[in-house]
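Remarks on the structure that follows.
Values in this text are rule-based calculations from the coordinates and carry no lab data. Keep in mind it's a predicted model, so treat the numbers as computed, not measured. Cβ: placed from backbone, ideal geometry, glycine included. Neighbour counts: every protein chain shown.
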Amino acid sequence: MKMTPERWDATNAYCREVFGRQDDHLAGLMERAARAGLPEIAVSADVGRLLSLFAAITASGRASPRALELGTLAGYSGIWIVRGLGPHGRLITVEPEAKHADFAQHAFEEAGVADRVEIRREKALEALPKLLKEFGPESFDLIFFDAIKTEYVRYFALAHPLLRRGGLLVADNALGSGEWWIDTPPGTNDSRDAVDRFNRLLAEHDGYDAAVLPIREGVAVGRKR
Ligand SMILES: C[S@@+](CC[C@H](N)C(=O)[O-])C[C@H]1O[C@@H](n2cnc3c(N)ncnc32)[C@H](O)[C@@H]1O
């Protein structure tokens, strides 16, 4: 059957209904964030569950699994990730906006995961080299990109040495966002073009097995060989 805008909306609604079960805390979190003036740009619940599943897969058999997120916002995706890592897992999440980081800190406390989450209040491009010095190469099991789309290729270069072999690199907005979609003509939107470069880099990289899941705005995933 041919995909139409209505069918795409209905498909997304179906995915959220069937694969987006969440607890009351997560269900109300983004409404509270919007009332506090934060933008409504978090992942959807079905993508949150996917992130949690990826985190659980990478944490399997690891004594102290560690994940890194670029772009915390209100802590919504971070809560999914750290829950997926399990009780011994830790998440470092990077957020330069003080208002977002303050809100997220509170959300992590309310969710009962604050002792396993650390917010780095700086820009991703500043945080990544420091994390490599601090933790060393191959020190993260999962790395999730969800900050500035035009910076994804640079995140990739800096995140690659941090990710362990067998670990997962995951990127949101691999196919679109509120302002662009991947079939927007090249040369008309900087984020589209930058994400397209990132997708092709990941898909063709010798060091990764990669795929894209066309749910919501697209989730790219690469497993480091
Ligand atoms: C799409 S939102 C993240 C949503 C969040 N991952 C979720 O799904 O719940 C992007 C976040 O990246 C933050 N951000 C902006 N510039 C950044 C940068 N240079 N480095 C890291 N994060 C940045 C924004 O303030 C915003 O909170």
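Any idea what the dipole of the chain comes to, in debye rounded to 20, about its Cα centre with Lys/Arg Cβ at +1 and Asp/Glu Cβ at -1?
Charge dipole of the chain: 680 debye, to the nearest 20.
Among the trypsin sites (Lys or Arg not before Pro) within the range 1-89, which fall in a DSSP loop and have no more than 13 other Cβ atoms within 10 Å of their own Cβ?
Sites meeting the loop and neighbour criteria: 2, 21.
Restricting things to Cα coordinates, could you compute the convex hull volume per residue of the range 158-225 in Å³?
86
To one decimal place, what Kirkwood hydrodynamic radius in Å is obtained for the range 1-94 from all pairs of distinct Cα atoms?
Evaluated on the range 1-94, it is 14.4 Å.
Have a look at 114, 61, 212 and report the one farthest towards the positive end of the charge dipole of the chain, computed about the Cα centre with Cβ charges (Lys/Arg +1, Asp/Glu -1).
Highest projection toward the positive end goes to 61.
Please give the Cα centre distance for the range 120-193 versus the range 195-225, rounded to the nearest Å.
One Cα centre to the other: 11 Å.
Taking the Cβ of residue 19 as the center, what net charge do the other residues with Cβ under 13 Å away carry, scoring Lys and Arg +1 and Asp and Glu -1?
+2
So for the chain, averaging the separation of alpha carbon pairs under 8 Å that are six or more residues apart and normalising by length, what relative contact order in percent results?
Once divided by the residue count of the chain, the mean separation gives 16 percent.
Please compute, over every Cα-Cα pair in the chain, the percentage with a separation greater than 21 angstrom.
Cα-Cα pairs of the chain separated by over 21 Å account for 54 percent.
Helix-derived [θ] at 222 nm for the chain: sum -39500 (n - 2.57) over DSSP H runs of at least 4, divide by residue count, nearest 500?
It lands at -14000 deg cm²/dmol.
Give the lysines whose C-alpha is closer than 20 Å to that of residue 99, dropping any in the same chain fewer than 8 places away, or say none.
Output for residue 99: 123.
Shape of the range 26-154 from its Cα gyration tensor (a ≥ b ≥ c, root eigenvalues): rounded if a/c is under 1.5, otherwise prolate when a/b > b/c, or oblate?
oblate
Just name one of 159, 50, 187: the one whose Cα is farthest towards the positive end of the charge dipole of the range 5-224 (beta-carbon charges, Lys/Arg +1, Asp/Glu -1).
Working it through, the farthest residue towards the positive pole turns out to be 159.
When each pair of different Cα atoms in the range 109-192 is counted once in the 1/r mean, what is the Kirkwood radius in angstroms, to one decimal?
By the Kirkwood definition, the hydrodynamic radius is 14.6 Å.
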